[in-house]
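Asks: One structure coming up, written as structure tokens, with questions to follow.
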There are 2 protein chains.
Amino acid sequence: MTTKTATAGSRARDGRTTREAILAAATRLIHVHGYNQTALDDVLRESGVGKGNFYYHFKSKEDLGYAILDQVVASFLERTLAPCFSDPAGRPLAQIRCFLDRVLETQRERNCVGGCPLGNLAAELSDVHEGFRTRLAQVFAAWRERLTEALREARRRGEVGDDCRPEAVADFLVASLEGAILLTKVTKDIAVMEQCVGEIKRYLSLYEPRT
Amino acid sequence: MTTKTATAGSRARDGRTTREAILAAATRLIHVHGYNQTALDDVLRESGVGKGNFYYHFKSKEDLGYAILDQVVASFLERTLAPCFSDPAGRPLAQIRCFLDRVLETQRERNCVGGCPLGNLAAELSDVHEGFRTRLAQVFAAWRERLTEALREARRRGEVGDDCRPEAVADFLVASLEGAILLTKVTKDIAVMEQCVGEIKRYLSLYEPRT
DNA sequence: GGTTATGTACCGACTGGTTGGTACACATGA
DNA sequence: TCATGTGTACCAACCAGTCGGTACATAACC
């Protein structure tokens with residue numbers, strides 16, 4: 001109903017559809033100000049879209065929130081998670097380490113500002129908006145699942161011992177990364193992130209068979 | 001300026017001062033709804049205090065925020081952190097493990113609702129309110145310092161090896177705990193917290209000399 | 001081909017409700 | 001009577017969402 005064939009649909013706006021322009025602005029704003037603290041008017045001003053137009057493309061602010069979540073997730077999967085696990089022949093543990101470095105690099109690039117978009121939304125909305133909570137829980141589950149899969153493969157290959165419980169380790173990896181990002185965001189000190197990633201790597205080595 | 005001598009000052013309200021009543025209600029509300037999303041009127045209704053009275057005791061909502069932060073910190077230090085490290089003769093690693101269990105227990109009691117008050121505020125305000133950010137950073141530093149101290153003592157006693165860098169390990173402990181609490185809050189599954197605490201303990205054992 | 005009709009995309013003023021904060025009257029006790 | 005508390009009415013700013021209306025393309029009908 002809303003999607004059109006490329007050029008058609010909404011009028012061009014820097015080559016993007018109106019919907020895309022709104023999404024881009026809102027994603028940026030919500031990343032730093034949070035969902036509730038981002039006023040619709042701010043999004044409108046930033047994207048140059050009128051109010052009526054906004055409500056033509058989105059049912060409500062909540063609707064926009066869900067769309068943003070989808071976009072953040074897609075971008076995370078494509079740009080951060082997937083690239084590290086793309087090679088099916090690659091060694092799982094190395095892939096996980098690659099992923100850790102990539103997350104660290106993201107925080108460095110962003111100058112410790114913004115934290116994790118998913119983590120932020122989780123902290124802000126989990127206890128207050130069941131719909132968002134459920135959606136966020138699914139996202140984290142998918143993320144954890146990707147890591148669990150890698151760890152299972154690592155076990156199959158003997159890269160880690162049988163004492164490694166993939167689900168538990170994956171949960172912990174996600175948790176400690178989220179925590180590290182949060183702590184980095186408060187302290188505004190990238191060294192915190194570096195140290196944490198370093199310790200996560202040491203933790204992972206725990207499961208490698210003794211050489 | 002604000003503190004009074006026990007019974008004196010404001011009139012009694014269930015044996016508490018007005019200030020205490022406001023603080024208690026606000027702390028509860030902010031814990032689940034966040035700082036910005038907690039309306040002053042909600043705090044007023046919940047505490048049964050009038051608006052004029054509120055502004056007699058607090059300069060602004062921001063002022064209340066700082067007071068709450070102080071209270072949350074005090075309660076955390078006294079009720080969760082300090083008890084585990086009270087015995088100067090106790091073994092540091094055991095004290096840290098005791099603390100981990102205590103945090104887990106707190107989440108269980110709260111039914112995975114609310115998350116960590118400090119973590120929530122950190123996520124919500126770090127990038128948006130420099131004053132709160134600085135204050136929160138100090139709090140986390142103090143928390144980390146307490147753990148660093150225990151780890152240094154552990155090293156002195158030979159409970160952990162020289163490869164254990166107390167500051168880095170303390171940072172990581174705080175981060176992974178915060179992350180675990182957050183993930184538990186999204187999933188509403190205490191098993192996540194249990195698994196994470198379990199993995200943190202395994203991680204700690206990494207530094208114990210081989211038996 | 002020209003007129004009428006329809007659906008898509010868009011605009012900005014407005015509304016009803018909420019929010020942090022103020023003004024001020026009143027009470028109480030030393 | 002004067003400082004300390006407390007309640008109530010009120011305000012300006014803000015915010016999500018609505019509404020009436022415009023612009024324009026394509027389609028339908030004669």
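Asks: Out of (1) facing another protein chain (nearest Cβ under 10 Å); (2) in contact with a Leu (Cβ under 8 Å, 6 or more places away or on another chain); (3) of a type outside the set (Ser, Thr, Tyr), what's the single condition that is false for B:ARG97?
Replies: B:ARG97 satisfies all of (1) facing another protein chain (nearest Cβ under 10 Å); (2) in contact with a Leu (Cβ under 8 Å, 6 or more places away or on another chain); (3) of a type outside the set (Ser, Thr, Tyr) except (1).
Asks: Starting from the range A:116-127, keep only residues that are more than 7 Å from chain B (Cβ to nearest Cβ), then list their pairs with residues that are open to solvent by 20 Å² or more (accessible area, probe 1.4 Å) and not in a helix (DSSP H, G or I) whose Cβ atoms are within a distance under 7 Å, requiring at least 6 positions of separation or different chains.
Replies: Listed pairs, sorted by first residue: A:LEU121/A:TYR35; A:LEU125/A:TYR35.
Asks: Every residue in the range B:198-211 that is in a helix (DSSP H, G or I) and either in contact with a Pro (Cβ under 9 Å, 6 or more places away or on another chain) or at the interface with chain A (Cβ under 9 Å from one of its Cβ atoms) (or both), please.
Replies: B:GLY198, B:GLU199, B:ILE200, B:ARG202, B:TYR203, B:SER205
Asks: A follow-up question, please. So if I check each of B:LEU206, B:LEU100, B:LEU151, which one is open to solvent by less than 10 Å² (accessible area, probe 1.4 Å), under 21 Å from A:MET193 (Cβ atoms) and of a type outside the set (Gly, Ala, Ser)?
Replies: B:LEU151
Asks: Of (1) open to solvent by 70 Å² or more (accessible area, probe 1.4 Å); (2) assigned by TED's automatic domain parsing to the domain that holds A:PHE172; (3) farther than 21 Å from A:VAL197 by Cα, A:ALA137 satisfies all except one. Which?
Replies: Going through (1) open to solvent by 70 Å² or more (accessible area, probe 1.4 Å); (2) assigned by TED's automatic domain parsing to the domain that holds A:PHE172; (3) farther than 21 Å from A:VAL197 by Cα one by one, A:ALA137 breaks only (1).
Asks: For a quick check of your reading of the model, give me the residue pairs whose first member lies in the range A:184-211 and is at positive phi and among the aromatic types (Phe, Trp, Tyr), whose second is crowded, with 21+ Cβ neighbours inside 10 Å and in a helix (DSSP H, G or I), with beta-carbon atoms closer than 8 Å and at least 6 apart or on different chains.
Replies: No pair meets every condition.
Asks: Just checking, which of B:GLU145, B:GLU153 is among the acidic types (Asp, Glu) and within 15 Å of the chain's Cα centre (by Cα)?
Replies: None of the others qualify; the one that does is B:GLU145.
Asks: How many of the residues making up the range A:32-60 are within 14 Å of another protein chain (Cβ to nearest Cβ) and away from DNA strand C (no atom under 12 Å from the Cβ)?
Replies: So the count comes out to 6.
Asks: Select from the range A:37-87 the residues that are of a type in the set (Gly, Ala, Ser) and away from DNA strand D (no atom under 13 Å from the Cβ) and write down the one among them that is surrounded by the most Cβ atoms within 10 Å (Cβ to Cβ). Steps first, please.
Replies: Restricting attention to the range A:37-87, the residues satisfying the condition of being of a type in the set (Gly, Ala, Ser) are A:39, A:47-48, A:50, A:52, A:60, A:65, A:67, A:74-75, A:82, A:86.
With away from DNA strand D (no atom under 13 Å from the Cβ) added as a condition, the list becomes A:47-48, A:74-75, A:82, A:86.
Working: A:SER47: 23, A:GLY48: 13, A:ALA74: 10, A:SER75: 12, A:ALA82: 12, A:SER86: 9.
Once the filter is applied, the top-ranked residue is A:SER47.
Asks: Working only within the range A:171-192, note down all residues that are more than 7 Å from every other protein chain (Cβ to nearest Cβ), crowded, with 24+ Cβ neighbours inside 10 Å and β-branched (Val, Ile, Thr).
Replies: Scanning the range A:171-192 gives A:ILE181, A:THR184.
The values are calculated or read from the model by the stated rules, or taken from the named source; none is laboratory data. Keep in mind the model is a prediction, meaning the values are calculated, not measured. Note: ideal-geometry Cβ built from the backbone for every residue, glycine included; neighbour counts use all protein chains shown. Only protein heavy atoms, including side chains, enter the accessible area calculation; ligands, DNA and RNA are left aside. Shrake-Rupley method; radii C 1.70, N 1.55, O 1.52, S 1.80 Å.
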